[in-house]
Each structure stands twice: as structure tokens, then as C-alpha cells.
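Please read the structure below before turning to the comments.
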Amino acid sequence: LVWTLVTSKTTKHRRNCGSNAFLMSTMASTLSIEAGTLALCLSFVAGLSTLLGGLAVFFVKPHDKGAISLGLGLAASAMLTVSIVDLFLGVAFMLGLFDASICVILGFLTFHMLSRAGPMFLKTMSENAPPGRRLWRLAVLNTITLTAHNFPEGCAVVVSTLQSEKLGLKMALALALHNIPEGLCIAVPAYASGEHSRTTALAMTLFSGMSEPLGALLSLLLLQPLLTPERVNYALSFVGGIMIYVSTTELIPEGLRQEQPLHFATGLIVGTFIMSVSLMMLS
């Protein structure tokens, strides 16, 4: 009789524990799905803000040297500020100076080799090339670089949102703010080159921005077991090296060729200010 009572109580306890474990697992799964959906929506909004910067093409005329110089100055300062302050120094604070330096150097050297022996559209053009062709190449380079930059940012939104919805919202707002000048970096040289229409320039900015929700989606579906803040930071610092290369060897020299120093300096100051504000919000 005693054995029967003990056995029945133990069985009931195990059943209760099993049902409680199942309930907890279901609740955790539901919360994970809700957080994942929120992360995807936030990354989509942040990526879509790139298109806002692309609307600058409606205020620019093809071959307008002043607007081209202003846009290139803004693009160079924005990319340098993000690369040095956030993708290098910020990552060095978390991963260590040595690891961050190696990743940045690898990114810089990788794009340097691609510009020498890579596809034709990545190879450096001579100074005698038509200005429109050089600007179009810069627009393509900016699109590739910022697309690679936005992809791990989508992963970062996922990591932040899964930790805290409030943290994910703050990160998405800060990313949306600094995606606006990134859209301008792509659209202005693309349209000002005179090679293509405003629609093409806007499509390029949208393509670059949508790599952010794509990164978030792949993180949720495939990379979530492998995704850690450290790995995201390694990827971001590698992309930072690419951005430093493009801004110092391509954007700044082309901006100076326009011979509009006041416009170029204004772009440098405005780009640095906007990116500094967004990075302050992000931190």
C-alpha cells in the first residue's frame, strides 16, 4: 500500500514536471518567435531609411561639381567616422586591440587586392578616364561596401533584440539615422555621373539597405546557433577595413578633383557630425 501511494505520487509529480517543462518550452519558443519578428521589422525599417538619403538625387543635377564634391565629402567622412570610431575602436574595446587591428588590416588588404586584380568594375581607373565613368564606379564601390556593412548590422539588431526589446529598438533607431547619409553616399555619385537615371540611383540605395533585413532573416533562420556578439564584431571590423580603403583611396581623391574645396569641406563636417550623433545614440 505504501509503495503504491509513493509510486502514484512520484508519477503525478513527473507528469506535472513534464507538463510544466513543456509549457515553459512553448512559452520560450513563443517569446523567441515574437522577438525574432520584432528584430526583422526593426532591421527592415533601419534598412529602408537608406532610401531617405537617396532622395537627395532630386536636388542634384548631373555633372554638378559642387553637389558632387559635397556628396563625396559627406560620404568619405561618414565612412571614416563609422570605420574608425565604431568598427575599429568600438570593437577593439570589446575584442582587444590586436584582434580588431588584424581584422581591419585584412579588410583593407583584401579590397586593395581586388582593386588591382579583381573584376573590371573594381579596378582603379586612370585620371584620364571620363569623370562620369569614375563617378559611376564610385557609386558601385559604395554600394558594394555599404551592402557588406549593412549585412552584419542586421545580425547585430537580431542579437540586441533577443537580449532586450528596448535595446533592439535603440539600436535600430541609431542605425536608421546613420543609414540616411549612407544612402546619399550611393545615390549622389550614381546620378551625378550622368550615366543613369534617378530610378537607378534609388534602386541602388534600396538594394544596399535591404541587405540589413536580409542579414537579420538569415541570422534567425540559419545563423542563430552560430551567431554571437563576438563573431558579429569580427565581421564588422573586417568591413571597417574595406570602408577605410574606399574612403581614403577613392572618395577623398575624387572629391578633391572636383576643385570645390568649400563644398568638400562642408561635406566632411556634416558627415562627421551626423555619424557622431548616430554613434552616440548607438552607444
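The values are calculated or read from the model by the stated rules, or taken from the named source; none is laboratory data. Remember, it's a predicted structure, so these values are computed and weren't measured experimentally. Methodologically, a virtual Cβ is constructed for each residue, glycine included, from the backbone with ideal geometry; neighbour enumeration extends over all protein chains shown. The area values use the complete protein model at the heavy-atom level, side chains included, leaving out ligands, DNA and RNA. Shrake-Rupley method; radii C 1.70, N 1.55, O 1.52, S 1.80 Å.
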Considering the range 197-211, residues that are in a helix (DSSP H, G or I) and either among the aliphatic types (A, V, I, L, M) or touching a Pro at 6+ places or on another chain (Cβ under 9 Å) (or both), and then whichever is farthest from Ile269 (Cα to Cα), we arrive at Ala203
Does Ile274 satisfy the condition of being closer than 19 Å to Ser49 by Cβ, of a type in the set (A, V, I, L, M, F, W, C) and open to solvent by 20 Å² or more (accessible area, probe 1.4 Å)? yes
Here the qualifying pairs (Cβ atoms under 6 Å; residues six or more apart or on different chains; first in the range 91-111 and within 10 Å of Phe238 (Cα to Cα); second open to solvent by less than 90 Å² (accessible area, probe 1.4 Å) and among the polar types (S, T, N, Q)) come out as Ala100/Ser237; Cys103/Ser237; Val104/Ser237
Of those in the range 254-265 that are at pLDDT below 90 and open to solvent by less than 40 Å² (accessible area, probe 1.4 Å), the residue farthest from Val157 (Cα to Cα) is Gln258
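Is it true that Glu250 is touching a residue at least 12 places away in the same chain (Cβ under 8 Å), over 21 Å from Val91 (Cβ atoms), open to solvent by less than 70 Å² (accessible area, probe 1.4 Å) and in a helix (DSSP H, G or I)? Show your work before the answer.
Values: touching a residue at least 12 places away in the same chain (Cβ under 8 Å): yes; over 21 Å from Val91 (Cβ atoms): yes; open to solvent by less than 70 Å² (accessible area, probe 1.4 Å): yes; in a helix (DSSP H, G or I): yes.
The answer is yes for Glu250.
Suppose we filter Leu222, Leu227 for residues that are outside any helix (DSSP H, G or I) and at pLDDT below 85; which single one remains?
Of Leu222, Leu227, the one residue that is outside any helix (DSSP H, G or I) and at pLDDT below 85 is Leu227.
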